[in-house]
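Trainee: One structure, pasted below without further comment.
The values are calculated or read from the model by the stated rules, or taken from the named source; none is laboratory data. All values reported here derive from a predicted model rather than from experimental measurement. Here the Cβ positions follow ideal geometry from the backbone for every residue, glycine too, while neighbour counts run over all protein chains shown.
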Amino acid sequence: MIEKGKISSFQMALIMYPTIEATALLTVPGITGTYAERDMWISPILGSINGFFTVFILYQLHKLYPKETIIQYSEHIVGRVLGKILGFIYLFFLLHIGSIILREYSTFVSVSFLQTTPPSVIIGGMVLVCAFAVRGGIEVLGRTANLFVPILFLLPIIAAILLLKDFDPKHMLPIMEHGMMPSVMGAAAPQAWFGETFLITMILPFLSDRDKGMKWSLILVVTIMVNFVITNLLAVFLFGGTASGYTFPLFTAIRYITISTFFEHLESVTIAIWITGIFIKISMFYYALVIGTSQWLKLSDYRPIVFPFGFLLTVLGCQWVAPNFEELNHFLVTIYPFYGSLLMTLIPALFLLIAVIRKKKRKKNFVKNM
Amino acid sequence: MFRRKRIKKVDNQNSPQQQIAKQQVLSSVLNDNLQVLRSMYQDCFDVVFRTFLMGGETKAVLVYIEGLSNIRELDDHVLAPLMEETGGKVRSPQSILREKMHISKLKEVKTLTDCIENISIGNPVLLLDQEVSGLALGIAQWEKRSIEEPTAESLVRGPREGFVETLGVNTSMLRRKIKSPDLKMKSMKIGRYTSTNIVIAYIEGLADQTLIKEVEKRLQRIDIDSVLESGYIEELIEDNPRSPFPQLINTERPDTVASNLLEGRVAILVDGTPFVLIAPIGFFSLLQSPEDYYQRSLVSSTIRLMRMLFMWISLVLPALYVGVTTYHQEMVPTSLLISLAAARESVPFPAFVEALLMEITFEALREAGVRLPKQIGAAVSIVGALVIGQAAVSAGLVSAPMVIVVAITGIASFMMPHYTQGLALRLLRFPLILLAATLGLLGIMFGVMTIIVHLCTLRSFGLPYLTPIAPLQGRELKDTFFRAPWWMMNSRPHLTGKYNAHRQVLGEKPNPEKEP
């Protein structure tokens, strides 16, 4: 196996938490708010169904092929040629999403505090740090997540506590004024983010306690859902139905924190904490990309391709992914929910279906031959 | 290719003495032996050859190095009885030796290598005519420093003894603390010229056997001409030789070594230095002082938390100051910002240059203070107060807030209980200041994340460096951020002490009322 390290399923959950949450904290409340307005806190609950579904599918696939990732078992399920093609599509998808995340991050950082710094520096620096982590392997990723995630996890909760006095719970009334439909529409974006639990396929083969993988993946989805609900409620309590007017509602909300005129302007600190989350998110996609590629090409070691891929990610993230942030946001609102779900949920579901049918057939043949 | 060739060449180079002496058996003719020894110790002023007649008839020679043996004992218990006339009775040299020598530690030497080894550690060698073996007399004694309080790690409460340069004294100090025969000490020699004695100490049944083997293997791999301090060994057996962080603890305190041995770790004692190495260690054991375990647990826990806070301060405070004043002024409360701006108004340099200037000056001052003879120490502090202080501010070179920042950072780095870790943090502060000056908070985050990723990749003899935080060992947090009271310290650290997990009986919380 290429990766020699082992991590526990708890560490897997810790890696996956910022992998989903980091960018979701930024943009999802805004996107959800466009459709669901003051019902936007219901959307993550609906969206999480996709999370449970994806985890279930990938875990079942993992049980069928315990030592392989999706890049490897796609060949076993749909045949060599088709499997390789799908594997390539997945790698391209990871590269694409990875650079989209980098773009989101660099836009956010330059809007927030480094207005004149070229994005290549902001992205390049981050990719370099991520490359160190990726070279260290899954164990290092697990350990860094172990250190960073507890702080990140508390971020929305601390923000909620500090904003308590500005809350107006009446903003959330009336609930479901226009029926269920707006919140279902609003769930389109969160469900795509929940679909990113897909990446557990890259970690599951390297677990030291396989039997707990399912348990921790489910706990992960529930935790993220709760955190989404808190974040969205926070936006609703503060801004009501107008939350969608802000590109980054949570961070706008944190800007409002003022305690005894000394404790204010916490957004820089918040961003600093958030950067640790985005660091893990990028590293995870980067790691999946690198590991996937070396499995696709059947390399003996993944380390030599870490820096080349880092360069590729930087270039894609700086320029090619989207000409500007509006276009990127448009992509995230309209295309990504379908693009993401297709690759992260539907195709794996199809894989599972084929694999199960094949297995049954084989059993039947086996019985017949007896 | 060229490099490999060169290495091979070096391998073949042995010191000339060793080549001659290797396994050469002593001859029965005394003069032959003497000739070889004399030629080897040619131009060695300190080697004494004392020829005498044993019992008035057998020719004998004592070879020893001046200052390494107890001369009085040699005179009274060896030379005097042996030179006594037998009074006509013919007796074999063996029987004379057996009856007349009042020395407890005797060893027979048969080869020249043995002979030289004994002579060089201070055991005089007695060679007789017509004998194929000599006798090494265990009366080595030399001037050594008496046991003193360790200067680098002083405590308010705790034992006041520290290791000395003599290996035998150090091992005896350990043995006095741990009396169980399970405390094992394996010895080996490293160094072509110095052939320094090195002892691996561990407690059988507590320390992992594979760990002991690994330590032995790494030590045996070493082929170096000299070992003058344990620092040589440390750099030759580390897991990550290029890291700024120490992967072995060095300590002068026998109690620290004993407590680490009791947690299943291995100690490496090197002759000639009071610093003992301990492996494997984690980052958080570097933040602990032995005194934590002697003071009340509540106090120690608070101090530990403070130490962690100040570790961060010593690493990032100057960078944070530079970053905030250059890029994120909005983070500073308005009133403070105004006074900061007023203080910085007359300073000609940007914050980055100011910080660099002050930090480098401070490091220079500290280095000067360490190396200086004690008599002129006072001069340094006077000059230092001028450079980092009011004079510098009133001269308009630096701003007063910067002086405060540098001073707090300095105090914070003095708080680190292990000097080597403080050094690593001092070193990493400078790249962080540079990053803060170029990218602000983002730069600091890049730097800090890189450091943390690096710490996550580190291992000390296979043990992840950041245990028990990453990977998380929930039960061991009681001895990481806090120091649980002794009646709660029921288990040893999992990764080093799993072979004998229980430290004590459960339920030892004192509760006098319930006792019958």
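Trainee: Please work out if A:I15 is aliphatic (A, V, I, L, M), farther than 27 Å from A:T334 by Cα, within 14 Å of chain B (Cβ to nearest Cβ) and touching a residue at least 24 places away in the same chain (Cβ under 8 Å).
Mentor: Working: aliphatic (A, V, I, L, M): yes; farther than 27 Å from A:T334 by Cα: yes; within 14 Å of chain B (Cβ to nearest Cβ): yes; touching a residue at least 24 places away in the same chain (Cβ under 8 Å): yes.
The answer is yes for A:I15.
Trainee: Mind listing whichever residues of the stretch B:273-295 are in a helix (DSSP H, G or I) and either within 14 Å of another protein chain (Cβ to nearest Cβ) or free of Cβ contacts under 8 Å to residues at least 24 places away in the same chain (or both)? Spell out the reasoning first.
Mentor: Just the residues of the stretch B:273-295 that are in a helix (DSSP H, G or I), to begin with: B:283-287, B:290-293.
If the condition is that a residue be in a helix (DSSP H, G or I) and either within 14 Å of another protein chain (Cβ to nearest Cβ) or free of Cβ contacts under 8 Å to residues at least 24 places away in the same chain (or both), then B:F283, B:F284 are the ones that fit.
Trainee: Further question on the same structure: Could you tell me how many of the residues in the stretch B:471-504 are farther than 17 Å from B:E291 by Cβ, among the hydroxyl-bearing types (S, T, Y) and not in a helix (DSSP H, G or I)?
Mentor: So the count comes out to 1.
Trainee: Scan the stretch A:25-69 for residues that are surrounded by fewer than 19 Cβ atoms within 10 Å (Cβ to Cβ) and closer than 21 Å to A:K170 by Cα and jot them down.
Mentor: Those that are surrounded by fewer than 19 Cβ atoms within 10 Å (Cβ to Cβ) and closer than 21 Å to A:K170 by Cα: A:T34, A:I45.
Trainee: Please go through (1) buried (at least 20 other Cβ atoms within 10 Å of the Cβ); (2) more than 29 Å from B:K144 (Cα to Cα) for B:N240 and return the number of the only condition it doesn't satisfy.
Mentor: Unmet for B:N240, out of (1) buried (at least 20 other Cβ atoms within 10 Å of the Cβ); (2) more than 29 Å from B:K144 (Cα to Cα): (1).
Trainee: Further, regarding this structure: Does the stretch B:406-464 hold any residues that are within 14 Å of another protein chain (Cβ to nearest Cβ), of a type outside the set (G, A, S) and outside any helix (DSSP H, G or I), and which are they?
Mentor: B:L458, B:R459, B:L463, B:P464
Trainee: Restricting attention to helices (runs of 4 or more DSSP H) lying wholly within the stretch A:43-130, give those where 1 or more residues are within 14 Å of another protein chain (Cβ to nearest Cβ), under 30 Å from A:G186 (Cβ atoms) and among the aliphatic types (A, V, I, L, M).
Mentor: On the way: elements: A:43-64, A:70-78, A:80-112.
Fully inside the stretch A:43-130 and qualifying: A:80-112.
Trainee: Wholly within the stretch A:252-353, which helices (runs of 4 or more DSSP H) include no fewer than the required count, namely at least 3 residues that are within 14 Å of chain B (Cβ to nearest Cβ) and over 24 Å from A:I85 (Cα atoms)? Steps first, answer last, please.
Mentor: Details: elements: A:267-296, A:306-315, A:325-330, A:336-341.
Counting at least 3 such residues, we get A:267-296.
Trainee: If you don't mind, another one. From A:L234, A:L218, which residue is part of a helix (DSSP H, G or I), of a type in the set (A, V, I, L, M, F, W, C) and crowded, with 22+ Cβ neighbours inside 10 Å? Break it down into steps so the answer makes sense when it comes.
Mentor: Details: A:L218 fails: crowded, with 22+ Cβ neighbours inside 10 Å.
Result: A:L234 is the single residue among A:L234, A:L218 that is part of a helix (DSSP H, G or I), of a type in the set (A, V, I, L, M, F, W, C) and crowded, with 22+ Cβ neighbours inside 10 Å.
Trainee: For the stretch A:137-161, what are the residues that are within 21 Å of the chain's Cα centre (by Cα), farther than 16 Å from A:I275 by Cα and in a helix (DSSP H, G or I)?
Mentor: A:I138, A:E139, A:V140, A:G142, A:R143, A:I157
Trainee: Out of the stretch A:315-342, which residues are β-branched (V, I, T) and more than 19 Å from the chain's Cα centre (by Cα)? Working first, answer last.
Mentor: Just the residues of the stretch A:315-342 that are β-branched (V, I, T), to begin with: A:315, A:321, A:333-335.
Hit for the stretch A:315-342 is A:V315, nothing else.
Trainee: Can we say A:T247 is more than 10 Å from every other protein chain (Cβ to nearest Cβ), more than 30 Å from B:V316 (Cα to Cα) and not in a helix (DSSP H, G or I)?
Mentor: Details: more than 10 Å from every other protein chain (Cβ to nearest Cβ): yes; more than 30 Å from B:V316 (Cα to Cα): yes; not in a helix (DSSP H, G or I): yes.
So A:T247 passes the test.
Trainee: Follow-up question, since we're still on this one. With the checklist (1) over 30 Å from A:S110 (Cβ atoms); (2) within 14 Å of another protein chain (Cβ to nearest Cβ); (3) among the hydrophobic types (A, V, I, L, M, F, W, C) in hand, flag the one item B:V403 doesn't pass.
Mentor: Single failed check for B:V403: (2).
Trainee: Can you run down the residue pairs with Cβ atoms below 9 Å, 6 or more apart or on separate chains, where the first is in the stretch B:296-315 and free of Cβ contacts under 8 Å to residues at least 24 places away in the same chain and the partner is small (G, A, S) and part of a helix (DSSP H, G or I)?
Mentor: Within 9 Å, the pairs are B:L309/B:A412; B:W312/B:A412.
Trainee: Let me ask something additional. Can we say A:R38 is away from chain B (no Cβ under 14 Å), under 30 Å from A:N324 (Cβ atoms), over 16 Å from the mean Cα position of the chain (by Cα) and in a helix (DSSP H, G or I)? Spell out how you get there, then give the answer.
Mentor: On the way: away from chain B (no Cβ under 14 Å): yes; under 30 Å from A:N324 (Cβ atoms): yes; over 16 Å from the mean Cα position of the chain (by Cα): yes; in a helix (DSSP H, G or I): yes.
Criteria met by A:R38.
Trainee: Tell me, which residue of the stretch A:316-364 that is farther than 30 Å from A:P119 by Cβ and β-branched (V, I, T) is surrounded by the most Cβ atoms within 10 Å (Cβ to Cβ)?
Mentor: Checked the stretch A:316-364; the qualifying residue surrounded by the most Cβ atoms within 10 Å (Cβ to Cβ) is A:T345.
Trainee: Considering the stretch B:480-510 alone, what residues qualify as being charged (D, E, K, R) and at pLDDT 85 or above? First the steps, then the outcome.
Mentor: To start, the set of residues in the stretch B:480-510 that are charged (D, E, K, R) comprises B:483, B:492, B:498, B:503, B:508-509.
Answer for the stretch B:480-510, where residues must be charged (D, E, K, R) and at pLDDT 85 or above: just B:R483.
Trainee: Filter the stretch B:204-233 down to residues that are buried (at least 21 other Cβ atoms within 10 Å of the Cβ) and either modelled with pLDDT of 90 or more or assigned to a helix (DSSP H, G or I) (or both), then give me how many there are.
Mentor: The number of residues fulfilling the criteria is 4.
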